[in-house]
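Undergrad: Encoded as structure tokens, here's the structure I'll be asking about.
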Amino acid sequence: NLGRNVWLPFGHSKIYPNQYILLMGPAGARKGTAINPGVFLLRESGYRTFAPDSVSKEMFLAGIGKVPNGMGDNFDLDLETLVEDGASETFVVAGEFNDFMGQGDLKFVTNLTNLWDNLPHFYHPKLTGKDVYIEKPTVNILGGNTQQNFALCIPPEAVGNGFCSRVMFIGAEATGKQITFPEPENATLRGGMVRRIANLREEAHGPLSIAPNAKETFDRIYKKFKPIDDTRFTHYSTRRFTHLLKLCIILATADSRNVITTTDAIRANTILQAAERRMPKALGEFGRSKNSAATASILETLTRTHAPLTINELWKLVHKDLNKFAELTDIIMGLVRAEKVQSIKIG
């Protein structure tokens, strides 16, 4: 919604409030239920530059900043794209992130990695016979995924190429709560939020600044941050301060201010710490071994069960993901030694 309308000067560059956010959890954790209300509010407020639900890489790049006539892959876009009057913006909303990303497309992952940095322009030559040039590409992503599907969607190499350091992984688990009839929405509150979002898009423009008395707080947060104890998030730790500043821009702008305060810094840091505490669990075993998908399935199943499972029962669960039974015993032994599961003898 903010696009490049607001920014924070940072050295010789600018930081914009775009975000890549993935809600990670098992099937039935209601990830889509968390995503949809905000999307509905954006649509009602007049926001239109949503990416199609399912689209080829070429059409996605060519469609940044354009409003498709309808959903899906069948809208009219010339792949030779040149935008000269302002930023080219798109918002990817994918309750099932694999529908948007496909499977194992490292080149597409690399493109998204570069687009997160809000480049002054993006040039991709010879896509289906034509070049694509995008002026000021601005991409936001809000999606949902399970650990197993994420392993199919994103190649493990993405851990090292920077994509995972740009994504906020929000871990969640199914609560087990069952609500037969959800409460109806508050129409008055909904209308007020729609108007507020529309007003922000119209009124929020220009650079933000950091209050002088807040800089000490930012300095302390930056220097005292303890990296996440997981090698997969080594690159995230080096980019963590940028995530913090992006959140501060959002918090200040949502409060109709162009000055970032100490309160914004503390709130943003609290949000990040809450997310970071669960990030390793959100990714499961992704990027750790060739059998990471099978390991994630075993851990998820054991978490949900209320009684011990035999190794034969686990084999039925993952036999399609493994080449031989010995690989399963190796996985189980590794999990036992890592104290993630317990092995007991019955009978």
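Undergrad: Restricting the first residue to the stretch 54-66 and requiring it to be under 17 Å from VAL109 (Cβ atoms), which pairs with a second residue that is in a helix (DSSP H, G or I) and at pLDDT below 75 meet a Cβ separation below 8 Å and a spacing of at least six or different chains?
TA: From the stretch 54-66, the pairs are VAL55/GLY63.
Undergrad: Okay, next question. Suppose we keep only residues that are open to solvent by less than 40 Å² (accessible area, probe 1.4 Å) and touching a strand residue (DSSP E or B) at 6+ places or on another chain (Cβ under 7 Å) within the stretch 34-58. Which one would you say is farthest from ILE134 (Cα to Cα)?
TA: ILE35
Undergrad: Continuing with the same structure: Tally the residues that are open to solvent by 70 Å² or more (accessible area, probe 1.4 Å) and assigned to a helix (DSSP H, G or I), restricting the search to the stretch 155-198.
TA: Within the stretch 155-198, residues that are open to solvent by 70 Å² or more (accessible area, probe 1.4 Å) and assigned to a helix (DSSP H, G or I) number 6.
Undergrad: For the stretch 89-123, what are the residues that are assigned to a loop (DSSP other than H, G, I, E, B) and either modelled with pLDDT of 90 or more or not aliphatic (A, V, I, L, M) (or both)?
TA: Passing the criteria: GLY95, GLU96, GLY102, GLN103, GLY104, ASP105, TRP116, ASP117, ASN118, PRO120.
Undergrad: Count, please, the residues in the stretch 203-227 that happen to be open to solvent by 100 Å² or more (accessible area, probe 1.4 Å), in a helix (DSSP H, G or I) and either in contact with a Cys (Cβ under 9 Å, 6 or more places away or on another chain) or within 21 Å of LYS14 (Cβ to Cβ) (or both).
TA: Residues of the stretch 203-227 open to solvent by 100 Å² or more (accessible area, probe 1.4 Å): 203, 205, 212-213, 215-216, 220, 222-224, 226.
Now restrict to residues that are in a helix (DSSP H, G or I): 203, 212-213, 215-216, 220, 222-224.
Keeping just the survivors that are either in contact with a Cys (Cβ under 9 Å, 6 or more places away or on another chain) or within 21 Å of LYS14 (Cβ to Cβ) (or both) gives 203, 212, 215, 222.
Number of matching residues: 4.
Undergrad: Does GLY46 satisfy the criteria of being modelled with pLDDT of 75 or more, in a helix (DSSP H, G or I) and among the small types (Gly, Ala, Ser)?
TA: In short, no.
The values are calculated or read from the model by the stated rules, or taken from the named source; none is laboratory data. In this text, all values refer to a predicted model and were calculated from it rather than measured experimentally. Virtual Cβ from ideal backbone geometry, glycine too; neighbours counted across all protein chains shown. Areas reflect the complete protein model, heavy atoms only, side chains present, ligands, DNA and RNA absent. Shrake-Rupley method; radii C 1.70, N 1.55, O 1.52, S 1.80 Å.
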